1. Give the long-range amide H neighbours of residue 278: residues separated by 5 or more places, or on another chain, with amide H under 5 Å away, using H modelled in the peptide plane at 1.01 Å from N.
2. In vacuum, with every alpha carbon of segment 303-371 counted as one equal point scatterer, what does the Debye formula give for log10 I(q)/I(0) at q = 0.13, 0.18 Å⁻¹? Two decimals, please.
3. Compute the relative contact order of the chain as a whole-number percentage, counting only Cα pairs closer than 8 Å that sit 6 or more residues apart in sequence.
4. So, R0 is 30 Å and r is the distance between the beta-carbons of residue 339 and residue 212; what FRET efficiency does that work out to, to 0.05?
5. Would you calculate a helix-derived [θ] at 222 nm for the chain, using -39,500 (n - 2.57) for each DSSP H run of n ≥ 4 and dividing by the full residue count, to the nearest 500?
6. Quick check: the distance between the Cα centres of segment 83-147 and segment 310-376, to the nearest angstrom?
7. Using 0.36 nm times the number of residues separating residue 281 and residue 84, minus their current alpha carbon distance, what extension gain do you get?
8. Could you give the length gained by full extension between residue 41 and residue 29, i.e. 0.36 nm per residue of separation minus their alpha carbon distance, to one decimal place?
Amino acid sequence: MAGIYIHIPFCKQACHYCNFHFSTSLRHRDTMIEAISKEIDLQYEFLTERELTTIYFGGGTPSLLDADEIKSILDCLSHHYTWDDNIEITLEANPDDITKEKIQNLKAGGINRLSVGIQSFIDKELIISNRAHNALESLNAIKICQDAGINNLSLDLIYGMPNSTIETWQYNINKALELNVDHISSYALTVEPNTALEHMVKKGTIHLPAETDVSQQYLELIKSLTSSGYDHYEISNFAKPKKYAIHNTNYWRSIPYLGIGPSAHSYQPTFRQWNISNNAKYIESIQNGIVPCEIEETKYADQFNEYIMTRLRTMWGINLDDLHHKFSSQMKAVQNDISPYMKSNHVALIDNHYRLTPEGRLLADRIASDLFLVEE
């Protein structure tokens, strides 16, 4: 079991909240695709497992590429790997890139799952975010995908938008539910450094809702989606039963993966690596046969902390038998440190698993950090 992540570092325009690596210039598009294919040739031995269960095109905006360009990357992967019979091949897409012809061509080329960046069904919120689409395009895009037979469909929503209320957020939730997609990912708007959003907040030209209001939006999301039949299987992810995103679930299960492209990260249990976040330098290095990456060995404490963080985020939680098998020396400390959160009803012990309650999910990062092993 293994997965591949492909980072496509291009966008039409910069969303005001985004700090991912991308460029709005497409002049290196052809050479970037060539470099990505060459990196696959250089890096394929990173994974000892040669059968892929997932391939994920992220970014950036992968839907800016033509279906033929996506297929050329998949063809390169097929030279080194075989496909699992039920392989999940996901492409992140923006609504304004979705047409009937494009979706049909992507499907014919091997894409069988789409993650559509809706973010909001309210035009004012899309304008504030500097998104390239409007609400009507979002609705039309989902219908196009469904009509084309893309059954494995996910959409993204953002809560805590400027000037948002519980009523405007409920409107967004209801619109998403009306579309009847299998998977919904939802994230709190975060003010990242060196973004337009940070500048506007500091300048006072926009105002974010209070933290308590954002928390209420999150709890309403949980209530609305779970009562509509979605499993809340990870802090930010909801899916109909058995429709969980395989690629991301493998991240949370510590399955090795290879990241290809500028800024892409790769993971093995004992080390991780990440590529340079510069398109021109990435291309130049790959053309010279060198993968421009940094490598970091993960110590025992790193492995333990990542285990706690990823497992606690999911509905499956921390399996105590598994924890004892992998990190027996930390069992007593975990039991002691998690006890206050059990008393406060933020964590529950269910079937020998520590699991966050809905209220606990609001404190997921804090709870995880309190369980971390800190090396002196």
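We did not get these values from a lab; they are worked out from the coordinates using the rules stated. Note that the coordinates shown come from a computational prediction; the quantities given were computed from them, not determined experimentally. For neighbour counting, all protein chains shown are included, and Cβ atoms are generated from backbone atoms with ideal geometry for every residue, glycine included.
1. It is 263, by chain and number.
2. Log10 I(q)/I(0), no solvent term: -0.29, -0.57.
3. It rounds to 16 percent for the chain.
4. Calculated value: 0.65.
5. Only helices count here, giving -12500 deg cm²/dmol.
6. About 36 Å separates the Cα centre of segment 83-147 from the one of segment 310-376.
7. Gain on extension, residue 281 to residue 84, equals 67.5 nm.
8. 2.4 nm
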